[in-house]
Structures are given as C-alpha cells and as structure tokens.
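Here's the structure we're looking at; comments come further down.
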Amino acid sequence: MANIPAEPVIDSTLGLLFDGYEFISKRCDRLQTDIFQTRLRLEKTICMRGKAAAEVFYDTDKFSRKDAAPKRMQKTLLGEGGVQGLDGEAHRQRKQIFMGLMTPERLQQIGDLVLHHCREYAQQWERQNQVVLFDQINEILCRAVCTWSGVPLAEGEVAQRTLELAALIDSAAALGFRHVQGVQARKRLEAWLADLIEDIRAGRLQVPEHTAAAAFAHSQDANGNRLSPAIAAVDLLNVLRPTVAIGRYIVFAALALHQHPDCRQKLQSNPADYTLLFTQEVRRFYPFFPFAAARTRQAFDWQDYRFSESTLVLLDLYGTNHDSNLWEKPEEFWPERFMHWDGSAFDFIPQGGGDHYKNHRCAGEWLTIEVMNRVLGFLANELEYDVPPQDLQIKLTRMPTLPESKFVISNVRLRPQDKPL
Ligand code: HEM
C-alpha cells in the first residue's frame with residue numbers, strides 16, 4: 001500500500017478560505033495526484049477528484065453520510081434530521097418521497113409556473129430603469145415553488161420568504177454576520193413550515209394531492225412512524241430552498257448569454273436542440289457547490305491506498321467538472337461538448353453523482369434542468385434588454401458565488417411574440 005500524498009502543512013483551513021472552489025484541484029495539480037490528505041479544522045481529511053474518485057465516493061458500502069456535514073452548515077443550509085444525513089433503508093425511503101415529486105407532469109407544471117411569473121414580472125421590468133435579475137428571479141422561483149409545493153404564500157409574504165430562503169443558501173459556508181443571518185432565517189422558515197404540517201394533519205388546511213407539502217405531511221419513516229413536524233419541515237424546506245437556489249444558475253446563464261452572443265443566436269434559431277446543451281454547460285462551467293462530504297464506514301483499500309474507518313472524505317465537484325482528463329478545454333464555455341457526452345453518472349457532477357434514488361445525488365436535478373431550460377428560452381426568445389456596465393466578476397473564494405453585480409439589466413422590452421427574431 002502506498003501512502004496517500006499529503007499536503008505538507010499542519011492544517012489547510014486557511015488554504016480553503018484562500019483558494020475557495022479551487023482548493024482541491026490546485027493541490028492535486030501541485031502534488032500531481034487526484035487524491036491527497038490534509039487536515040481541515042485539525043481533522044484528518046482526504047480530498048479526491050475525478051471520475052474514479054466519484055465512483056468510489058458513491059459506493060454506499062464504503063461511505064456514510066452520518067456526521068459528514070459540518071455542524072455549522074446544518075444550522076443554515078441543511079437543517080437537522082433531513083434526507084442528507086441518512087443512510088441505508090432510512091435514506092432510501094425518505095429519498096423516495098422527493099423522487100415521487102419529480103414526475104414528468106409535475107416537472108412540466110413547475111416549468112409552466114416559473115414561465116408564467118417571468119412573463120408577469122417582465123411587464124413591471126418594462127417600466128423600471130434597471131432590474132437586478134438575481135433578486136427578481138429569486139422572487140419568481142419562490143412564488144412558483146410555493147404554489148407547486150402546496151405551501152400558501154400571501155402576497156405580503158413574498159419578499160420576506162424569498163430573502164429568508166436566499167439567506168440559507170448564501171450562508172452555506174459563511175462566517176460571521178452572514179452565518180447569523182442564515183441561522184435566524186432557518187429558525188423562522190422551519191417554524192413556519194412545521195406549523196403548516198400540523199395544520200394539514202389537523203385538517204385545518206387542505207393542500208392539493210401530489211404536492212411536497214402533502215407528501216411530507218402524510219409520509220412515514222422507515223419504522224412506520226409519521227415524520228415529526230420538525231423533520232417534515234426540514235425536508236419540505238429541502239424542496240423550497242434549493243429551487244430558489246436555481247436563481248444562481250439562471251444568473252450564470254444570463255451572463256453566458258451576454259458573453260457569448262453566438263450562443264444566443266443558436267438558442268433562437270435551434271431551441272429544441274441547443275437549449276439543453278447550453279443548460280448543461282452552465283451547470284458544468286459555473287461554480288455552485290465546491291464539494292460533497294462523506295465518511296468512510298470502515299477501513300478499505302482503494303487503488304493503492306488504505307482508507308481508515310470514519311475518515312472525512314471530500315469529493316471535488318467543481319474540480320471534477322473542470323478536470324482536463326475528462327473535459328476538453330475545460331475552461332472554455334462550449335455547450336456543443338455535451339453533444340458527445342456519454343451520460344456518465346460520475347464525470348459531470350454539479351449536483352452530485354451516482355443514482356438519484358439510491359445515492360445522495362441531488363433529488364432536484366431534473367427540476368433544475370427543466371426550470372433552467374424554460375427561463376433560458378424566455379431570456380433568449382421573449383425578452384430584449386441591455387446589459388449596462390457593471391462588475392461581472394465571479395469571486396472563486398466566495399462560496400456560493402455569483403457575479404458581483406448580481407446581473408443588472410436595463411431597457412427591458414417584452415418581444416411581441418409574432419415579431420420575427
Ligand atoms: C441550483 C441547483 C441545485 C444544485 C447546484 C444542487 C446541488 C446539490 C448537491 C451538490 C447535492 C449533494 C450531492 C451529494 O451529497 O452527493 C444535492 C443534494 C440534494 N438536493 Fe440539490 N441542487 C440543486 C437544486 C435542487 C432542487 C431544485 C431540489 C429540490 C426540488 C434539490 C433537492 C436536493 C435534495 C433533497 C438533496 C439531498 C439528496 C440526498 O441526500 O439523497 N436540489 N443537491
């Protein structure tokens with residue numbers, strides 16, 4: 001057995017803050033390896049990137065999610081008791097509740113709702129000097145996902161709930177004030193949704209069948225018990241929060257449209273073939289979650305290396321999507337590359353890898369793609385706008401990141417639908 005290459009420092013926590021999304025790949029390049037060990041917050045941690053690494057990381061005999069996510073993140077992004085920290089049968093059963101929501105009909109419905117609100121909001125944008133796309137898209141997504149999930153949202157609540165949901169995402173890896181904002185937002189949102197679950201169970205609130213609210217109110221855990229209102233709220237929030245998170249990808253898509261006018265033309269002339277290629281490339285190219293975390297269940301050997309029991313392991317999602325062994329010219333935005341992609345579950349992993357039902361791969365990946373496709377079609381074919389000078393820099397040390405200006409558009413016009421492009 002060889003030793004796993006080690007970063008020659010006592011602890012890499014500062015390096016992580018300093019290098020952000022590129023933390024793992026920079027060290028892999030420096031050590032000429034796809035795997036290395038280090039310490040993060042003084043805990044021994046193995047970092048890996050690439051397709052083979054993803055294959056072993058999603059082997060449920062070898063890895064567990066128990067105690068893998070940092071406690072700080074459970075207080076903001078994830079919550080406690082939700083699907084992310086479950087293993088085995090408990091995970092399979094809870095995951096099925098999420099996947100049951102992702103039928104083709106239901107995906108079409110969320111796409112329709114998002115598009116409906118885009119058109120409605122655009123009428124107001126026509127009357128404004130400037131529009132911050134990120135803030136507006138977040139509101140649109142919040143409205144759409146609440147309706148889709150059977151969660152009543154009064155008009156006067158839209159702005160506040162949108163900000164709270166966005167705060168959970170923004171505080172994912174934050175320290176200081178942003179972290180505190182995330183903790184407070186989570187407390188308010190969980191209390192709101194736990195009350196909702198109790199109202200549904202008590203018959204005080206009727207919600208449509210096949211919605212997330214109905215599913216989490218009525219489902220049982222692996223022991224046949226109803227989920228507690230607190231846990232049902234955490235997992236209902238696991239639908240609302242990440243749907244609002246798609247706002248970041250939509251801003252990146254708008255940025256890509258702006259910086260690659262040839263792509264806009266292809267989207268207009270050949271939407272049926274080009275939209276999905278573009279959406280996939282946005283998800284590959286732009287940074288969202290840097291890595292996923294798991295713990296070894298027991299000691300095992302992989303390749304030439306020995307993994308010891310209960311070791312924290314990080315899989316580099318961003319680095320794998322930018323790995324030059326897997327992607328030709330990975331630093332170029334080039335949607336056509338997806339014409340030749342073989343659909344592997346382990347090389348293109350912006351939302352995790354493996355199987356959606358059995359592994360911890362994102363439950364909302366298909367929903368994300370559907371919503372992105374629909375908004376992309378809207379931006380490219382139904383809207384005209386200018387992009388005034390602004391700071392479009394994407395800082396790779398901020399996680400999750402976004403163009404600094406949040407993408408401002410001006411002079412917005414809804415294109416008459418009978419006007420040729
Ligand atoms: C911006 C779009 C999104 C991104 C970048 C994203 C990314 C991710 C990532 C990286 C994971 C963890 C994978 C792992 O641990 O191996 C994950 C898990 C998850 N995502 Fe998403 N996601 C997005 C949208 C959504 C949406 C729209 C939903 C639901 C409607 C959703 C629901 C979930 C759930 C429930 C899990 C936990 C799955 C499990 O533990 O089995 N996500 N997502």
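What would the Debye equation give as log₁₀ I(q)/I(0) for the chain at q = 0.06, 0.08, 0.09 Å⁻¹, counting only Cα atoms as equal point scatterers? For the chain, the Cα-only Debye profile gives -0.25, -0.44, -0.57. For the residue pairs 187/358; 187/406; 51/329, the C-alpha atoms sit more than 22 angstrom apart in 187/358; 187/406. Rounded to the nearest 20 debye, the dipole size of the chain about its Cα centre is 820 debye, using +1 on the Cβ of Lys and Arg and -1 on the Cβ of Asp and Glu. Compute the distance in nm between two label points, each set 7 Å from the Cα along the Cα-to-Cβ direction, one at residue 340 and one at residue 43. Distance between the two pseudo-spin positions: 4.1 nm. The 3J(HN,Hα) values that the Karplus relation (6.51, -1.76, 1.60; θ = phi - 60°) gives for the range 313-324 are, in residue order, 10, 10, 9, 7, 6, 4, x, 5, 5, 10, 7, 6 Hz. Gly and Pro appear as x.
Output the peptides 388-397, 263-272 sorted from most to least packed, where packing is the average of other Cβ atoms within 10 Å over each peptide's residues.
Result, highest mean first: 263-272, 388-397.
Ranked by how many other Cβ atoms sit within 10 Å of their own Cβ, fewest first, the residues 49, 297 fall in the order 297, 49. Coupling constants for the range 123-137 follow from the phi torsions by the Karplus curve (6.51 cos²θ - 1.76 cosθ + 1.60, θ = phi - 60°), and in residue order they are 5, 6, 4, 4, 9, 10, 5, 9, 10, 8, 4, 4, 5, 6, 5 Hz; glycine and proline get x.
Database remark: amide H of residue 333 closer than 5 angstrom to no amide H (H placed geometrically; neighbours at sequence offset of 5 or more, or on other chains; Pro and chain starts carry no H).
Rule-based calculations on the coordinates, nothing more; no lab input. Just so you know, these numbers come straight off a predicted model, no measurement behind them. Counting neighbours? That spans all protein chains shown, and the Cβs are built from the backbone with ideal geometry, glycine included.
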